[in-house]
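Asker: First the structure, then my questions, so here it is.
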Amino acid sequence: MRTFLPLVLAIAISGCTTYPLGLDEESWHELSPQQKLEASQKQADLDQVRNLRLAREAEARAEAAREAANRLMLLRQQAKYGERVQCVLEPISHHRSGNWRKLEPVALDLVLGVQVEVELFEPGRASRAREAIAWFDGQRVQICPGEYAARYRSEACIIAVGHYRDYQRGMRRQIDSKGFLQGQLDCSFVGRERY
């Protein structure tokens, strides 16, 4: 048994060996030591360029996310009464693997016509259990499991409808979407009405 394990390990490692510039094993062994050095250096240069490009792309995504967050914060600050609604989903459960599983309470801060991403977490878990999108159109708060459902499968979404007075007083709705979310949604306008 002791000789078997190193043999299996050696086979596994040799099966995973990669050579610079996408060369196969036979081509690699045909190269002179100088050619191997040049190929390794060329691969290192290509890897460095790729890593730099990936780092720049990641920084651009992070900058775009910061700009979007700043725009949303500004829209929230500038929203007139009736254009911004805050909601709480509690208690809330999501459908996963054929069962309903409890989620942490969720707070939404929505501005008229602006779609926001919502992260849903199960209690005690650091990674998100589900992602959704939500928006407010003046009468409806809509929460969907994703862009596709928002566009083509509205029956998969949660839609809470209320008129001005409902949001002004605070609106409470029981929600139940087959295969998505169930629980309670409380929403109200942010701020005070100007007379």
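Asker: Among the numbered criteria (1) part of a helix (DSSP H, G or I); (2) within 30 Å of Gln174 (Cα to Cα), which single criterion is violated by Ala64?
Answerer: Of (1) part of a helix (DSSP H, G or I); (2) within 30 Å of Gln174 (Cα to Cα), only one is false for Ala64: (2).
Asker: Please state which of the following conditions Ser127 fails to meet, knowing it meets all the rest: (1) surrounded by 11 or more Cβ atoms within 10 Å (Cβ to Cβ); (2) among the polar types (S, T, N, Q); (3) in a loop (DSSP other than H, G, I, E, B).
Answerer: Going through the list (1) surrounded by 11 or more Cβ atoms within 10 Å (Cβ to Cβ); (2) among the polar types (S, T, N, Q); (3) in a loop (DSSP other than H, G, I, E, B), Ser127 breaks only (1).
Asker: Free of Cβ contacts under 8 Å to residues at least 40 places away in the same chain and in contact with a Leu (Cβ under 8 Å, 6 or more places away or on another chain): does that describe Arg169?
Answerer: It is false that Arg169 is free of Cβ contacts under 8 Å to residues at least 40 places away in the same chain and in contact with a Leu (Cβ under 8 Å, 6 or more places away or on another chain).
For (1) open to solvent by 60 Å² or more (accessible area, probe 1.4 Å); (2) without any contact (Cβ under 8 Å) to a residue 24 or more places away in the chain, each residue gets a yes or a no:
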site: Cys87; (1), (2): no, no
site: Arg96; (1), (2): yes, no
site: Ala107; (1), (2): yes, yes
site: Val116; (1), (2): no, no
site: Gly138; (1), (2): no, no
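Asker: To continue, here is another question. Specify which of the listed residues (Leu37, Leu9, Leu75) is at pLDDT 90 or above, out of contact with any strand residue (DSSP E or B) (no Cβ under 6 Å at 6 or more places or on another chain) and surrounded by 10 or more Cβ atoms within 10 Å (Cβ to Cβ).
Answerer: Leu37
Asker: Whether any residue in segment 145-160 is within 17 Å of Gln86 (Cβ to Cβ), within 18 Å of the chain's Cα centre (by Cα) and buried (at least 17 other Cβ atoms within 10 Å of the Cβ) is what I want to check.
Answerer: So far as segment 145-160 goes, no, none of its residues is within 17 Å of Gln86 (Cβ to Cβ), within 18 Å of the chain's Cα centre (by Cα) and buried (at least 17 other Cβ atoms within 10 Å of the Cβ).
Asker: Among the numbered criteria (1) buried (at least 19 other Cβ atoms within 10 Å of the Cβ); (2) part of a strand (DSSP E or B), which one does Arg172 miss?
Answerer: That leaves (1) as the condition not met.
Asker: Tell me which residues, restricted to segment 148-175, are under 18 Å from His94 (Cβ atoms), modelled with pLDDT of 85 or more and not hydrophobic (A, V, I, L, M, F, W, C).
Answerer: Result: Arg173, Gln174.
Asker: Among (1) surrounded by fewer than 12 Cβ atoms within 10 Å (Cβ to Cβ); (2) at positive phi, which single condition is Arg165 missing?
Answerer: For Arg165, the exception is condition (2).
The values are calculated or read from the model by the stated rules, or taken from the named source; none is laboratory data. From a predicted model like this one, the values you see are computed outputs, not experimental measurements. A quick note on method: Cβ atoms are made from the backbone with ideal geometry, for glycine too, and the neighbour counts reach across all protein chains shown. To get the accessible areas, we keep the full protein, side chains included, count just its heavy atoms, and leave off ligands, DNA and RNA. Shrake-Rupley method; radii C 1.70, N 1.55, O 1.52, S 1.80 Å.
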